[in-house]
Amino acid sequence: MNVNNGQTLSISGQDSTRNGSSSSRAPWEDARMVLKPTTPTRKPKPPKPENAITIAVSARVLFNMEKEQHIYEHQGMEEYIKYQVEHETEPFNPGPAFSFVKALEAVNARLRELYQESEELFDVVLVTNNHAYVGLRLINTINHHRLFIERFCMTGGNSPIGYLKAYHTNLYLSADPVKVREALEEGIAAATMFTPEKMKEVSDNQLRVAFDGDAVLFSDESERIFKAHGLDKFFEHEKAHENKPLDHGPLKGFLEALGKLQKKFYAKGQRMDCPIRTYLVTARSAASSGTRALKTLRSWGLEIDEALFLAGAPKGPMLEKIRPHIFFDDQMFHVEGAAELGTVACHVPYGIAQRVIKKGFMDKDASPSGQ
Amino acid sequence: MVSTVQNTDIEQKDAEHAVVVAMTFKAVFGSDDGDDVYGAGVAFTLLQALQTVNERLLLENPSEMLLFDIILITTDRQQQQQSDRIMSSTRHHGLQIHRFCFSCEDDFTDSLLQNKVHLFLSTDKNETVQAASRGVLSALVDHQTTLCSSQQLKVVFCGDSIVQPDADINAASRQAAEVFSAQLGEMRRRFGALDSPLSIVVMTSSGGRDSCCSALRTLRTRGLSVDEAHCLAGAPRGIILSVLRPHFQLSDGLSGLQD
């Protein structure tokens, strides 16, 4: 059932049915909805930004707007807006962040079952540079796909950074690398999301998040050594400093937030059935340099469910086995490798790896500002 | 006794086609320090922004008549008696005020109606309530306004009130809001999506996305296309407003700010 007049009568997503709790509404509440259709829907209230784990997503990563983006790039802003308004009632197809957002909602549903009063939940906010004229098509699409997104900022061409801060954003995902860099500079965890040509199917009842280690969870200090002095020096250095924790990287906070939610499931005896699973996928080797990575995590009090030390092997095939909803890496080489095999991979433009010019890749990064 | 005087230093606007904006003495000049010339009030940047819009409109079309027509209105007897100082201060600061309306407490709302004011701006909440009760669209300006841009006029429409209008609003108030929305809509259409001197914002505070959606549609039926939309769904307003920096906020027919 698709009600596109702006009034939805469903509660947050269909996930509650999938997860076994058939309806959290009592029969008289159903009756009330039928009798007074103008009553606001019985959706749960969004949590306060300071209590929630806020994930800000841009329109182009949440939905597939390739055709519209093409019109914007080749025919300009006015044509783009005109096209959007003309197709206002046509919902967009899902974009690369869609399954990630659905998985977040699934986790929320499980959390609400266990902790009815808590506001420690994921809160997804749409933060887009689009004008509000385009906004109606986005809202129609959110309704169509029954996403639970109640907060949004359509900035009409202005920078989103101030709003990201206002919402205490824990993670910002965008297709625009310029905005992502700006966000990182302001201390907000952010990554540029790419669309794989063919997206692999992912779990719909367990959120899986995969991280690279250096310059993502950790600082880029070790990578600098590797780039300056080579692999042998890198191994020596890591062995010598095994017990000295690495400095933190831009996505450490996000892993921490995931860990906090995981502990809430463990507290209710759901460790084996936890709907959140985290992975470290690193080029470090288990035998040597990997130890420092694990010890660092332990010193931070953070757990990671699976650590995969590839000793330099390509990450794509491993990620294909894991099927994460999202994978973060600071090197475009790995991001592209992952995307080639169907993983939704995001580039974290942080650290020494960004100063190395890679032929051909840089052009693909560019996208028009104002989107 | 009300007297309305034209500012002979600047070109008059055609009041029939213009958007008439009245600002109180206190908004324009702040308080009386006893000097010969009054100092700047909170609405200075707002005045400059209105002027920027006029200049840009005339750039697009030199014979444009849909412009802002600005009136300074006194609302107490004491101010009313300072007409010379008011006019000379205006001249001193080079303010683009087209007319002066010297009235007092008893008849200032009459003056608003006589001058067919479309929008009344004041630093005093009581004054805005009074004006609204006579069906004049009103908004508050305060010290936040000083932090706004002088290059772009930013107006926030508070969506929750559009969608769930307060029962107290009278029909005249509702109509005033509709008329102003339509005028702003036409002005906005004179410019493209980017680099516009006028920015229209919708903000819904408590409702979910559906209420913001309704607000956008309602304004569209009034002929107003919206640039920015912010749906807070209960998130704190203050911090979002401090990023937005609107010059003033409009609630349908009500006199301005909530909390």
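No lab work stands behind these numbers, since they all come straight from the coordinates. Note that the structure is predicted; figures quoted are calculated from it, not measured. Methodologically, a virtual Cβ is constructed for each residue, glycine included, from the backbone with ideal geometry; neighbour enumeration extends over all protein chains shown.
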Burial-style ranking of B:176-186, A:191-201, average other-beta-carbon count within 10 Å with highest first, yields B:176-186, A:191-201
Partner shielding of A:146-152, as the mean number of partner chain Cβ atoms within 10 Å, equals 5
Over the Cα atoms of region A:99-139 the radius of gyration and the largest Cα-Cα distance (Dmax), both in Å, equal 13.9, 40
Computed curve, region A:133-279, Cα-only Debye sum without solvent term, log₁₀ I(q)/I(0) at 0.12 Å⁻¹, is -0.74
Phi-derived 3J(HN,Hα) across region B:210-220 with the Karplus relation (6.51, -1.76, 1.60, θ = phi - 60°), rounded Hz, x for Gly and Pro, is 5, 6, 5, 4, 4, 4, 4, 5, 4, 5, 5
For the protein assembly as shown, inverting the pair-averaged 1/r of distinct alpha-carbon atoms gives a Kirkwood value in Å of 27.0 Å
Of all C-alpha pairs within region B:3-142, those more than 26 angstrom apart amount in percent to 17 percent
For region A:239-291, the Cα-Cα pair-distance distribution in 10 Å bins from 0, as whole percents, is 19, 37, 33, 11, 0
Across 5 Å bins beginning at 0, the whole-percent shares of Cα-Cα pair distances in region A:107-162 come to 4, 17, 21, 18, 15, 12, 9, 4, 0
For the protein assembly as shown, percent of DSSP beta bridges that are antiparallel (nearest 5) comes out at 20 percent
With +1 on the Cβ of every Lys and Arg and -1 on the Cβ of every Asp and Glu, the dipole magnitude of region B:3-142 about its Cα centre, in debye rounded to the nearest 20, is 200 debye
Fraction of alpha-carbon pairs in region A:233-363 farther than 26 Å apart, rounded to whole percent, equals 27 percent
Within the protein assembly as shown, the cysteines whose Cβ lies no closer than 4.7 Å to any other cysteine Cβ are A:CYS153, A:CYS274, A:CYS346, B:CYS101, B:CYS104, B:CYS148, B:CYS158, B:CYS213
Ranked output for segments B:206-215, A:213-222 by mean other Cβ atoms within 10 Å, highest leading, reads A:213-222, B:206-215
Once amide hydrogens are built 1.01 Å from N within the peptide plane, the residues lying 5 or more places from B:VAL202 or on another chain with amide H under 5 Å from its amide H are B:PHE157, B:GLU228, B:ALA229, B:HIS230
Using the Kirkwood radius over Cα pairs of region B:153-250, the Stokes-Einstein translational diffusion coefficient at 20 °C and 1.002 mPa s, in µm²/s and rounded to a whole number, is 156 µm²/s
Output field shielding_mean for A:71-80 (other chain Cβ, 10 Å radius) holds 1
As a percent rounded to 5, the proportion of antiparallel DSSP bridges among beta bridges in region B:3-142 is 20 percent
Phi-derived 3J(HN,Hα) across region B:9-23 with the Karplus relation (6.51, -1.76, 1.60, θ = phi - 60°), rounded Hz, x for Gly and Pro, is 6, 10, 5, 6, 9, 7, 4, 5, 9, 7, 9, 8, 10, 10, 10
Partner shielding of A:118-128, as the mean number of partner chain Cβ atoms within 10 Å, equals 1
Sorted by chain and number, the residues with a modelled amide H under 5 Å from that of A:LEU308, at a separation of 5 or more or across chains, are A:LEU280, A:VAL281, A:THR282
The alpha-carbon pair-distance distribution computed for region A:120-204, with 5 angstrom bins and whole-percent values, is 3, 12, 20, 22, 23, 14, 6, 0
Taking alpha-carbon centroids only, region A:79-108 lies from region B:23-74 a number of Å equal to 43 Å
Projected area averaged over all directions for the convex hull of the alpha carbon atoms of chain B, nm², comes out at 13.1 nm²
In whole Hz, the Karplus estimates of ³J(HN,Hα) for region B:82-89 (6.51, -1.76, 1.60; θ = phi - 60°; x where Gly or Pro) are 9, 3, 5, 4, 4, 5, 6, 5
Burial-style ranking of B:46-53, A:341-348, A:265-272, average other-beta-carbon count within 10 Å with highest first, yields A:341-348, B:46-53, A:265-272
For B:VAL19, other-chain or 5+-apart residues with amide H closer than 5 Å (H placed, Pro excluded) are B:LEU67, B:PHE68, B:ASP69
Cα-only Rg/Rh for region A:31-159 with Kirkwood Rh rounds to 1.02
